[in-house]
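Rule-based calculations on the coordinates, nothing more; no lab input. Quick caveat: nothing in here was measured; it's all calculated off a predicted structure. Backbone-built Cβ (ideal geometry, glycine too); neighbour counts: all protein chains shown.
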Amino acid sequence: MNRNAVAVIGGCGHVGLPLAAVNAASGRQTYIYDVNEQAIAQIERGEAPFLERGLEELLPEIVGNGTLRLSSHPRVLAEARFVVLVVGTPVDRYLNPDVDALFDALSPCVPHLRDGQTLVLRSTVYPGLSRKIQDYLDGRGLDVDVAFCPERVAQGYAIEEIRELPQIISAFGPRGLEAAREFFEPLAPEVVVLEPLEAELAKLFTNAYRYIEFATVNQFYMIAQEHGADYHRIQQAIQHGYPRLRHLPGPGLAAGPCLLKDTMQLAAFYNHQFSLGHAALWINEGLPDFIVGKLKQRHDLSQRTVGILGLAFKAENDDKRDSLSYKLRKLLRLEARRTLCHDPYVRDPEILPLDKVIEESDILVIATPHREYRERAFPADKEIVDMWNCLSPRSESAPQ
Ligand SMILES: NC(=O)c1ccc[n+]([C@@H]2O[C@H](COP(=O)([O-])OP(=O)(O)OC[C@H]3O[C@@H](n4cnc5c(N)ncnc54)[C@H](O)[C@@H]3O)[C@@H](O)[C@H]2O)c1
């Protein structure tokens with residue numbers, strides 16, 4: 001075992017790959033074990049399988065010089081002192097955490113783990129799961145320390161933020177904690193120590209807070225719209241020279257693979273009594289319905305073509321996982337004569353060229369505030385729904 005080497009289980013994913021790349025770029029021998037052979041082949045060619053700032057530049061060098069090696073077999077785990085587990089941790093269709101996912105991923109790895117290793121849990125987990133994983137490994141006679149060290153970076157900015165944000169670390173004993181410190185100190189500017197349960201909750205609180213924050217402004221937006229007031233003018237006014245509201249986000253579709261799921265993990269942990277979290281879900285998931293409802297008040301949609309601009313869940317990203325643009329599309333398909341869509345980054349067979357979508361649509365809904373839309377001069381005869389206010393100073397067509 002190499003005392004400094006790292007292996008990342010799920011290392012081809014959105015969280016695993018940037019971490020593996022930053023490790024390899026710091027000079028540490030890094031291995032990726034992943035079941036996605038297509039992604040492995042792509043990364044081995046030095047190509048990033050998804051958009052992540054700075055990744056495309058790092059990969060050719062670290063793959064080329066062998067600092068980053070990839071495998072679809074877990075035997076590579078035996079080489080590493082630090083094993084990072086970062087596979088997805090979904091909620092099921094009833095919004096309950098699927099706690100089996102981590103054990104399913106871990107069990108074929110167990111024969112390749114070695115005494116003295118540290119298993120860094122990087123997936124977001126249901127509180128208490130780190131303890132269960134430590135017990136699971138102890139029960140198999142392995143002398144492996146589990147350290148829960150959550151990822152808190154913004155997707156698309158991971159390469160920078162891993163190096164810029166303080167890293168929360170936790171473990172079940174001083175040896176595991178020391179190893180977690182040793183793992184992260186060369187990468188992050190600072191480590192912050194918590195107990196494992198505290199660290200698990202810290203991650204869920206971070207995402208749930210963000211989700212609730214978006215819901216707050218989304219509800220303000222809906223209240224203003226409902227009463228014919230321009231929400232964006234109100235937000236500008238209340239933020240102007242007023243430090244306590246400086247960080248208020250703008251309204252917009254709040255989705256993606258983490259915020260809702262983590263809010264629901266917290267709700268499940270709190271016996272489904274997390275009323276703020278559930279209210280945030282109703283509001284955020286209800287925004288597409290609100291938009292379609294307002295359009296229906298103004299138009300006979302059965303006679304209109306609606307263009308959806310943006311399918312990714314966030315700007316300048318190609319990730320469509322759990323994007324509310326798809327819910328919007330589903331709703332519009334029930335109402336509109338035709339629904340067209342465009343995204344500059346997402347791969348989707350139904351995407352059409354932007355010019356065609358603009359030309360053939362009566363109404364355009366900016367679902368994702370990609371730069372291409374912000375910089376575009378749209379024809380004056382198109383109605384544009386711009387909940388993000390990304391076309392400002394041109395303001396959204398006022399509800400009638
Ligand atoms: N996406 C984010 O911005 C973000 C941020 C913080 C935390 N997280 C958390 O990180 C975790 C991973 O999220 P992600 O967005 O990277 O997911 P992802 O789907 O992009 O990546 C998961 C990777 O794991 C691989 N994988 C799946 N099962 C495997 C198995 N049994 N063995 C080996 N590899 C396997 C997949 O092929 C994939 O490459 C989740 O718990 C998520 O909540 C995500």
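Against the chain, whose longest principal axis comes from its Cα atoms, helix 196-226 is set at around 0 degrees. Considering only the range 2-194, what is the antiparallel percent among its DSSP beta bridges, to the nearest 5? Restricted to the range 2-194, the bridges split so that about 10 percent are antiparallel. Positive-end ranking of 24, 358, 113 along the dipole of the chain, with charges on Cβ about the Cα centre, is headed by 358.
When both bridge partners sit in the chain, DSSP labels roughly 5% of those beta bridges antiparallel.
In straight-distance terms, cross-link reach from residue 320 covers every one of the aspartates and glutamates whose alpha-carbon lies under 12 Å from its own, apart from those fewer than eight places away in the same chain; here that gives 343, 348.
For the chain, the longest principal axis of the alpha carbon atoms and the long axis of helix 174-184 meet at an angle near 60°. Axis of helix 259-269 versus longest Cα principal axis of the chain: the two differ by about 60°, to the nearest ten degrees.
Across all C-alpha atoms in the range 251-385, the radius of gyration and Dmax reach 15.9, 51 Å. Plainly put, the range 2-194 has a radius of gyration that is 0.94 times its Kirkwood radius, both from alpha-carbon atoms, as the Rg/Rh ratio.
Once the chain from residue 248 to residue 298 is taken as fully extended at 0.36 nm per residue, the excess over their C-alpha distance is 15.0 nm. What share of Cα pairs, in percent, lie more than 19 angstrom apart in the range 167-280? Tail fraction, whole percent: 61.
When all alpha carbon pairs of the range 89-177 are counted in 10 Å bins from zero, the resulting P(r) reads 15, 42, 33, 10 %. Rounded to the nearest 0.05, what FRET efficiency do residue 110 and residue 193 have when you use their Cβ-Cβ distance and R0 = 25 Å? Here the calculated transfer efficiency is 0.35. Computed from the C-beta positions of residue 355 and residue 45, the FRET efficiency with R₀ = 45 Å rounds to 0.90.
Sorted fewest first by neighbouring Cβ atoms within 10 angstrom, 342, 232 come out as 232, 342. Neighbour counts of other Cβ atoms within 10 Å put 149, 109, 258 in the fewest-to-most order 109, 258, 149. Think of each Lys and Arg Cβ as +1 and each Asp and Glu Cβ as -1; about the Cα centre, that makes the dipole of the chain roughly 500 debye. Across q = 0.11 Å⁻¹, the chain modelled as identical point scatterers on its alpha-carbon atoms has Debye log10 I(q)/I(0) values of -0.86, in the order of the q list.
A helix-only calculation puts the chain at -12500 deg cm²/dmol for mean residue ellipticity at 222 nm, using -39500 (n - 2.57) for each DSSP H run of at least four residues, averaged over all residues.
Each of 320, 132 was scored by other Cβ atoms within 10 Å of its Cβ. Arranged with the fewest first, they read 132, 320.
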